[in-house]
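The values are calculated or read from the model by the stated rules, or taken from the named source; none is laboratory data. Just so it is clear, the model here is predicted, and its values are computed rather than measured. Cβ sites come from the backbone with ideal geometry, for glycine too, and all protein chains shown count toward neighbours. Surface areas here come from the heavy atoms of the whole protein model, side chains and all, with no ligands, DNA or RNA. Shrake-Rupley method; radii C 1.70, N 1.55, O 1.52, S 1.80 Å.
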Amino acid sequence: MNGKLYVVATPIGNLEDMTYRAITVLKEVDLILAEDTRNTIKLLNHFNISKPLISYYKETELIKASNIVKQMEQGKNVAVVSDAGTPGISDPGEVLIKEAIKSGIQVVPIPGACAAINALIASGLDTSEFLFIGFLSTKPKEKKDKLEELKNETRTLIFYEAPHKILNTLEIMNEILGDRNISIGREMTKIHEQFVRGKISEVIDNIELKGEMVIIVEGSSKSETDVAREKRNNMTLEEHYDFYARQGYEKKDIIKLIAKDRGVNKNEIYQRFI
Ligand code: SAM
């Protein structure tokens, strides 16, 4: 019979956030895969867990996954943990989980800490709908392009960021997304846990640039109609005309619509098309 793959969340700072179930599972499996064995061994020692431990990080995921799947096919139960928080969330795990599913192996999530969700719930921003982005690219152009793509997203946005990059990221966000409300969850669950909330410009002035951080950004307040209108207004008059012509409108109606979109008198538009 196949073994199971347990995806085990571990604390993001405070060891008391380790769940009873996580401890039981780690004590019972045959093998533990760890992102960094030096890190995980400290956690295991703290909870008196002694099990074979092998390193399993993003760069080796593909190479190691098939061998681990074979071991589960031979009946071994395996647990995967990351350095902190939930595996698979900006951490290794996804490749192995996909391979396990392909081979018909049962994947069992063991819930626990996740920095993104904890930063979100304490942010005071809208939690009804949100979009997890994780780390932005380190390449300036890709980073800006991604933020441009997200500019009109109305759901709350969640980003992970390294402390030495936080200032640059906040400045670019301010430039591209505008001076929105954000909340930074810093060093969550640790002694110096802090939440810095306010407009991006205010947070830039108040944030301490060290420790682990999650940035929660208020979604765009623009409605889809505003965005569509803005797009139309950025068109040349000819492009604007074609936009409505393609939808089958007659010339006189197109002129009225363009005038309304641009907030000008229809005669002004009419003159341009004579
Ligand atoms: N898988 C992890 C999880 O479930 O939260 C995330 C791993 S990701 C490699 C690490 C990033 O998570 C950090 O750069 C930071 O943005 C965020 N993070 C992790 N622990 C944190 C903490 N205690 N306080 C604030 N942010 C944290």
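Of all residues in the range 162-188, those that are crowded, with 19+ Cβ neighbours inside 10 Å and near the ligand (Cβ under 10 Å from one of its atoms) total 5. Across the range 196-225, what is the number of residues that are open to solvent by 40 Å² or more (accessible area, probe 1.4 Å) and out of contact with any helix residue (DSSP H, G or I) (no Cβ under 8 Å at 6 or more places or on another chain)? Matching residues across the range 196-225 total 10. For the range 1-46, the set of residues classified as of a type in the set (G, A, S) and within 12 Å of A113 (Cβ to Cβ) consists of A9, G13, A22, listed by residue number. For the structure I just gave you, tell me whether A22 is within 19 Å of I110 (Cα to Cα) and in a strand (DSSP E or B). Judged against the criteria, A22 is not a match. Scanning the range 101-127 for residues that are at negative phi and either at pLDDT below 95 or more than 15 Å from the ligand (Cβ to nearest atom) (or both) returns I101, K102, S103, I105, Q106, V107, V108, L125, D126, T127. Going through (1) hydrophobic (A, V, I, L, M, F, W, C); (2) closer than 24 Å to A84 by Cβ; (3) over 15 Å from the mean Cα position of the chain (by Cα) one by one, I133 falls short only on (3). From the set of residues in the range 254-268 that are charged (D, E, K, R) and more than 14 Å from M235 (Cβ to Cβ), which is surrounded by the most Cβ atoms within 10 Å (Cβ to Cβ)? This residue is K256. Per the conditions (1) within 13 Å of the ligand (Cβ to nearest atom); (2) open to solvent by less than 30 Å² (accessible area, probe 1.4 Å), the sole criterion not satisfied by E193 is (2). Condition check for I68 on (1) open to solvent by less than 40 Å² (accessible area, probe 1.4 Å); (2) of a type in the set (V, I, T); (3) within 30 Å of I191 (Cα to Cα): one failure, at (3).
Determine if the range 240-251 includes at least one residue that is among the aromatic types (F, W, Y), surrounded by fewer than 18 Cβ atoms within 10 Å (Cβ to Cβ) and either in a loop (DSSP other than H, G, I, E, B) or in contact with a helix residue (DSSP H, G or I) (Cβ under 6 Å, 6 or more places away or on another chain) (or both). Yes, the range 240-251 has at least one match.
Just for the range 141-161: of the residues that are among the acidic types (D, E) and not in a helix (DSSP H, G or I), which one is nearest to the ligand (Cβ to nearest atom)? Residue satisfying both the conditions and the ranking: E161. Of all the criteria given as (1) outside any loop (DSSP other than H, G, I, E, B); (2) over 30 Å from M18 (Cα atoms), the one not satisfied by G185 is (2). Kindly indicate whether any position in the range 17-24 is at pLDDT below 95, closer than 24 Å to E212 by Cα, buried (at least 19 other Cβ atoms within 10 Å of the Cβ) and within 16 Å of the ligand (Cβ to nearest atom). No, because not a single residue in the range 17-24 is at pLDDT below 95, closer than 24 Å to E212 by Cα, buried (at least 19 other Cβ atoms within 10 Å of the Cβ) and within 16 Å of the ligand (Cβ to nearest atom). No other residue among F130, F135, F47 is within 11 Å of the ligand (Cβ to nearest atom) and either open to solvent by 20 Å² or more (accessible area, probe 1.4 Å) or polar (S, T, N, Q) (or both) apart from F135. M1 meets the conditions (1) farther than 12 Å from A79 by Cα; (2) more than 16 Å from the ligand (Cβ to nearest atom); (3) touching a residue at least 60 places away in the same chain (Cβ under 8 Å); (4) in contact with a helix residue (DSSP H, G or I) (Cβ under 9 Å, 6 or more places away or on another chain) in every case but one. The failed one is (4).
With the requirement that a residue be part of a strand (DSSP E or B) and in contact (Cβ under 8 Å) with a residue 24 or more places away in the chain, what does the range 188-197 give you? F195, R197 - these are the residues of the range 188-197 that are part of a strand (DSSP E or B) and in contact (Cβ under 8 Å) with a residue 24 or more places away in the chain.
One line per residue, one yes/no per condition, for (1) at pLDDT below 85; (2) out of contact with any Phe, Trp or Tyr (no Cβ under 8 Å at 6 or more places or on another chain):
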residue	(1), (2)
G185	no, no
I191	no, yes
F195	no, yes
K199	no, yes
E218	no, yes
R229	yes, yes
N233	yes, yes
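When the residues of the range 84-100 are filtered to those that are free of Cβ contacts under 8 Å to residues at least 60 places away in the same chain and more than 7 Å from the ligand (Cβ to nearest atom), the one that is least open to solvent (accessible area, probe 1.4 Å) is P92.
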